[in-house]
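The values are calculated or read from the model by the stated rules, or taken from the named source; none is laboratory data. In this text the structure is predicted, and so the values were computed from the model without any measurement. Because the Cβ atoms are built from the backbone with ideal geometry, glycine has one as well, and the counts that use them run over all protein chains shown. Keep in mind that these areas ignore ligands, DNA and RNA; they rest on the heavy atoms of the full protein, side chains included. Shrake-Rupley method; radii C 1.70, N 1.55, O 1.52, S 1.80 Å.
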Amino acid sequence: QVTVAESGGGSVQAGGSLRLSCALSGYTCYDPDMTWYRQAPGKGREFVSHIANDGSTNYADSVKGRFTISLDNAKIMLYLQMNSLKPEDTAMYYCKIDRCRTYGGDPYLVDTWGQGTQVTVSS
C-alpha cells in the first residue's frame, strides 16, 4: 500500500510563505488524485485544495489566490505553496491520496492519510 509523508511546516509571521511537501512511497501509484486538508484544534478537518489525475485543480475559497497545489513530473511529490499566510491558516495540514491508477490506467481507491505537518502563523 502506498504511504505519504508530509513535511515543510513550521512557524511563520503573517504575510510570509511556506511550501509543504507530501512524498509518496512504499507502493507505486500512477496518476494519483490527491488532496490537502487542514485541521485546527477543536475544529473539524476542512478541505484546502485538490489536484486530479488530469492536472485540474480546485481550492477552498479561503485560500484561493494564495495557495497553489502541484505535483512533480514523476508524480511522487505533491506540493502546497502557501503565500500571504494569515493567522487563520494555523492548523495541522494533511496530505491524502484519494485514488491511484495502475500502470494500465485502471483506478483504485487508496484513501491514505499522512501524519500531518504543523503550520503556525503569528500576527
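Just a few scattered comments:
- Per-residue extension of 0.36 nm, minus the Cα-Cα distance of GLU46 and TYR103, leaves a gain of 17.4 nm for this segment.
- Loop-resident chymotrypsin sites (Phe, Trp or Tyr not before Pro) (DSSP state other than H, G, I, E or B) in segment 1-51 with no more than 13 further Cβ atoms inside 10 Å of their Cβ: TYR27.
- Extension reserve of the GLN39-LYS64 stretch, reckoned as 0.36 nm per residue once the Cα distance is removed: 7.3 nm
- Of the chymotrypsin sites (Phe, Trp or Tyr not before Pro) found in segment 86-123, those in coil by DSSP whose Cβ has at most 15 other Cβ atoms within 10 Å are TYR103.
- Ligands, DNA and RNA aside, SER122 has an accessible area near 50 Å² when probed at 1.4 Å.
- Residues of segment 75-119 falling in the label zone of VAL2, defined by backbone nitrogen less than 13 Å from a point 7 Å along Cα to beta-carbon, are 75-79, 96-114.
- Normalised by the number of residues in the chain, the average gap of Cα pairs under 8 Å and 6 or more apart makes the relative contact order 36 percent.
- In Hz, Karplus ³J(HN,Hα) per residue of segment 14-24 (6.51, -1.76, 1.60; θ = phi - 60°; x = Gly, Pro): 3, x, x, 10, 9, 10, 8, 10, 9, 9, 8
- Taken as Cα centroids, segment 42-75 and segment 2-39 sit 10 Å apart, rounded to the nearest whole angstrom.
- Annotation: amide H of THR90 within the under-5 Å range of VAL121, sequence separation 5 or more or interchain, hydrogens built in the peptide plane.
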